[in-house]
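**Q** Structure provided below as structure tokens; questions to follow.
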Amino acid sequence: MATDSTSPSPLVTPEPTGAGPVPPAMLRRVVIWGLPAVLLLLFMVWPYQQWDLGRRQSILAGWARWVSSKGDWQFCLLVPFLVGWLVWLRREELRKLSWQGTWLGLLPLAAGLFFYWLGYKADTGYPGFLAVQFVLAGAILLVAGTAVMRVLFFAWLFLFFTWPMQPLEDSLASPLRPRTAAMAASLLDLGGVPSLNEGSALQSAPDAAQGLEVGDRFSLDVDAKCSGINSLFALMMISALLGYLALKQPRSRLILFACAIPLAVAGNVVRLLLLVAGTLAFGSEFAVGRRIGEHQEMSPYHMFAGFAVFGVALAGMFALCWLLEGREMKANLKRHGQSTATGSPFAIPRPLQTLRQVVAAILLPLATLGICASTDISFQVAKPGVKLELPLSLGDYQGREFDMTAAEKNLLDEGVKLVRNVYASSTGRQIMATVILSGFEKRSLHRPEVCLPNQGWTVIDRTPVPLRLENGREMTVMMMRIFRDVEPTPGTRIRTRALNFYWYIGSDGTTCPEHYEHVFLSYFDSVFRNIQHRWAMASIYVPLPEQRVGQEDPFLELGAMEDTRDFISRLAPQFMLGSTVVASGSNPPASSP
């Protein structure tokens, strides 16, 4: 019997779009309601870190509270709203894209969930911030596919500005401070105002004809707030957003974004120049403010000069933007929100595969929460690696105890203990040795680079110094060269120079010279070695003889450096214990991300 060869066989009839075991409408509802519910549970509900004393909070709740209390980082609160607006601009294009998820999305999803567990175990928020980014990227790729991720890629990158990068704040501020002062000094010299720059200090040059010594006309120190770092991250965010909206070429966007750093520094150089001009015209109290004890009271003029940072930087950004693609800026701004995609709204060409991918995107985070629930997060602090006892006699040095001051008690966190001796040798060398034992907060030891400027000291530089101790052990300590100027009588400026050596000692005898190295070791060892360090910091302060400003003897510093290295090599074995770690129960809080 003849058959019609054009008639399709019932066994190979293709299914119409949308046909299958799962209706596309129902699948879309699962994605729209199921995935956000899991993400909310993961990042807004689950108690993740001890942001407050003794109580864990979720990543986003703790982040919002912490950022709200830090004036320099409050701009982070705006970022999620800007990200939502960026997604809304591409809404029409997103509606026309079909969901064609890729199993490659499992890679960033798994990485994000690992970071989530890592931060949960270590009780720190920064791996949790990475978890938000990678989990979102993995979920988008797994469920919606690369085309959707390509449209959302900038919004996803922009979300990184949500997280306060406090470690970068300190690490970038140190090199920016002396460079800002050096550039300001060069410009002042070109303008006919002789000046001197040493480290982060900017002072007027001496003038023998007028009887002026160093710093008589003006004396400024570029502290962290004047280094450019406090405004840098906000300016980087603005430059990224401006480049995305106003520029079309990726190269132009990268140039604008990279220029945020020099523009922030340029703004702070202008700020310094304004402070110098105000000091020369109206005096230091008008331009800078008054110093009351160890607190610097900022004058209204000083606050006004601070706006120069954003004024110069924003003007430079718009000028650079115009130079890069000035004629196209208007057209570039209009292109956002104009869809070029075609197709049915939210089409799902492979419902069964999409269902499997949605299930994976939901079950994997839930499984991670199960792993977190079974993870031991009790914080058993190890015994300290030091003994709070210093010898009263060490070779030629004779010492006496020096108690903690009332100001130090107010400054240090609860539970912090210290022992301090002041030593003097027959040669006249004086050395102050301090051993500080952290409290029950993981970040209760502060960086000397932060504390010293608040006490009026200027940090010239920091240098790692290798040492060989008397018992044969080798370690590296950090040496800072510092100075402080005082004016005991009008017209007489005396400069006090000093050396400050410090290093950190862990519970197992580990030593390191860097603050953030000891922070990293704290989290790494707590996760992978089950050691909860109770850190100590040793600080050796060596004053140099007071001298008139501009008449310092450099050989005094070299001699003090060698004497101190020899002193540390004999003193350190006296209070640093062995590597045996014995746990003792305690439950400390953690107050920073």
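**Q** Among the candidates 204, 219, 227, 195, which residue alone is modelled with pLDDT under 75, buried (at least 17 other Cβ atoms within 10 Å of the Cβ) and of a type in the set (Ser, Thr, Tyr)?
**A** Within the list 204, 219, 227, 195, the selection yields 227.
Rundown of residues vs (1) more than 27 Å from the chain's Cα centre (by Cα); (2) modelled with pLDDT of 75 or more; (3) assigned to a helix (DSSP H, G or I), yes/no style:
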position	(1), (2), (3)
304	no, yes, yes
318	yes, yes, yes
322	yes, yes, yes
326	yes, no, yes
334	yes, no, yes
356	yes, yes, yes
368	yes, yes, yes
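**Q** Hey, could you check the range 82-131 for residues that are acidic (Asp, Glu) and in a helix (DSSP H, G or I) and say which is surrounded by the most Cβ atoms within 10 Å (Cβ to Cβ)?
**A** Looking at residues that are acidic (Asp, Glu) and in a helix (DSSP H, G or I), I get 93.
**Q** Kindly list the number of the only condition in (1) within 30 Å of residue 482 (Cβ to Cβ); (2) in contact with a helix residue (DSSP H, G or I) (Cβ under 9 Å, 6 or more places away or on another chain) that fails for residue 208.
**A** Here residue 208 meets the rest and fails (2).
The values are calculated or read from the model by the stated rules, or taken from the named source; none is laboratory data. It should be emphasised that the depicted structure is a prediction, and the values quoted were computed from it without experimental measurement. In this analysis, Cβ positions are derived from the backbone assuming ideal geometry, glycine residues included, and neighbour counts consider all displayed protein chains.
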